[in-house]
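Heads up, the thing below is written out as structure tokens.
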Amino acid sequence: MVGLRSGLFCLVILFFQTACKSSVNQGSGASSPRPEPELQGPMPPPSGRTKPSCGLAWVQDTALWNKTSAEFSLDSAWLDGKCLVVKIQRSGGCVEQQALLVTNGVQSKSLPPQRPLRLLFLQEDPCRGLLQETYSFEISTLGRGGAFVIQLEAWPKPLLFKP
């Protein structure tokens, strides 16, 4: 009798997990998965290193630079060593978002040079939960070895990066 109850309980849990996953996939409206943009920088990463020490890499892509982002608010941005850390708020909870730090490749000729950067979320999330998330991006390769100023879209203060 106890074995039957535990088996039935497991079956009910499995059913609800499957139902939740299928409703999330139906709500996203995506017919096929989108290819993720390729992470890159001005130099290839050292061999044997699969991801930056800060967690995420930046992307240089003019097409992505011009895309519309899912809505979010940028609460704070700061530098921590060779990492740019951003804290955001967004609504959602159904779709796992990938945060992208995008540059269009333009760098001013000022001293120190200035680099425009943009935080981007490619997928809309139909859920209404309020999420607070922190992302960290390795930016040390953006300045080609020297100091540079980050002009982060939606952040009023320039950030000076010094290697």
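The values are calculated or read from the model by the stated rules, or taken from the named source; none is laboratory data. Predicted, not measured: the structure shown is a model, and the values here were computed from it. So basically every Cβ, Gly included, is an ideal-geometry build from the backbone, and we count neighbours across all protein chains shown.
Just a few scattered comments:
- Selection from region 73-100 of residues that are out of contact with any helix residue (DSSP H, G or I) (no Cβ under 8 Å at 6 or more places or on another chain), part of a loop (DSSP other than H, G, I, E, B) and not polar (S, T, N, Q): 81, 82, 93, 96
- Checking each residue in region 63-98 for being touching a strand residue (DSSP E or B) at 6+ places or on another chain (Cβ under 7 Å), of a type outside the set (Lys, Arg) and farther than 13 Å from residue 154 by Cβ picks out 64, 65, 70, 78, 79, 83, 84, 85, 91, 92, 93, 97.
- Residue check, residue 95 at pLDDT below 90, among the hydrophobic types (A, V, I, L, M, F, W, C) and more than 28 Å from residue 146 (Cα to Cα): yes
- Residue check for residue 148: buried (at least 19 other Cβ atoms within 10 Å of the Cβ), in contact with a Phe, Trp or Tyr (Cβ under 6 Å, 6 or more places away or on another chain), touching a residue at least 60 places away in the same chain (Cβ under 8 Å) and of a type outside the set (Ser, Thr, Tyr): no
- Pair list, Cβ under 7 Å, 6 or more apart: region 112-128 residue at positive phi, other residue surrounded by fewer than 17 Cβ atoms within 10 Å (Cβ to Cβ) and at pLDDT 90 or above: none
- Test for residue 130: is it of a type outside the set (Ser, Thr, Tyr), touching a helix residue (DSSP H, G or I) at 6+ places or on another chain (Cβ under 8 Å) and either in a strand (DSSP E or B) or under 13 Å from residue 56 (Cβ atoms) (or both): no
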